[in-house]
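Report on the following structure.
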Amino acid sequence: MSKILTFGVYDYFHIGHLRLFQQCKSHADYLIVAVQDEKSILKYKPDAKVLYSTIERVEIIKSLRIVDEVIVYDSVSPEVLSRVDFDILALGEDHVGERFDRVVEWCNQNDKKVVRLKRTPGICSSQIKKELGS
């Protein structure tokens, strides 16, 4: 059984998130969704307005039939990846930069496949927040 891991905040859950999970399941049998801890979000973005607590976001994601396991993480890093049993890491096409380069390098060194997944056009949490005036 192959396991795929994906990361996110999932605060304003929307159809793009669901489609991300569907794309993940097309690559593996078992989907692990990592939900970012609220304290970590605020550490890196102190002005962020988090709608749901970490516990609430985990509950929302766990309730989806497509998701097999939910974990909480503080940052996308090789240290976090080394603690999770997975075969494939799913990154969004917008996950670029030094920290993601380190994660991809770790995956390559540890026999983990990396797939880049497309975003759902026309929807993102930042836009939803903006439209709601948050």
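A few points about this structure:
- When the helices (runs of 4 or more DSSP H) confined to region 39-116 are screened for residues that are open to solvent by 40 Å² or more (accessible area, probe 1.4 Å) and hydrophobic (A, V, I, L, M, F, W, C), those reaching at least 2 such residues are found at 54-62.
- For region 69-96, the set of residues classified as under 14 Å from the mean Cα position of the chain (by Cα) and of a type in the set (Asp, Glu) consists of 69, 74, 93, 94, listed by residue number.
Table: residues versus (1) among the basic types (Lys, Arg); (2) touching a strand residue (DSSP E or B) at 6+ places or on another chain (Cβ under 8 Å); (3) farther than 20 Å from residue 16 by Cβ.
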site	(1), (2), (3)
51	no, no, no
63	no, no, no
77	no, no, yes
92	no, yes, no
103	no, yes, yes
107	no, yes, yes
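- Residues of region 22-36 that turn out to be assigned to a helix (DSSP H, G or I) and surrounded by fewer than 22 Cβ atoms within 10 Å (Cβ to Cβ), as a count: 3
- Looking only at residues in region 5-21 that are touching a residue at least 60 places away in the same chain (Cβ under 8 Å) and in a helix (DSSP H, G or I), the one that is least open to solvent (accessible area, probe 1.4 Å) is 16.
The values are calculated or read from the model by the stated rules, or taken from the named source; none is laboratory data. As the structure is a prediction and not an experimental result, all values here were calculated from the model. Methodologically, a virtual Cβ is constructed for each residue, glycine included, from the backbone with ideal geometry; neighbour enumeration extends over all protein chains shown. Remember, those area values only see protein heavy atoms, side chains included, never the ligands or the DNA or RNA. Shrake-Rupley method; radii C 1.70, N 1.55, O 1.52, S 1.80 Å.
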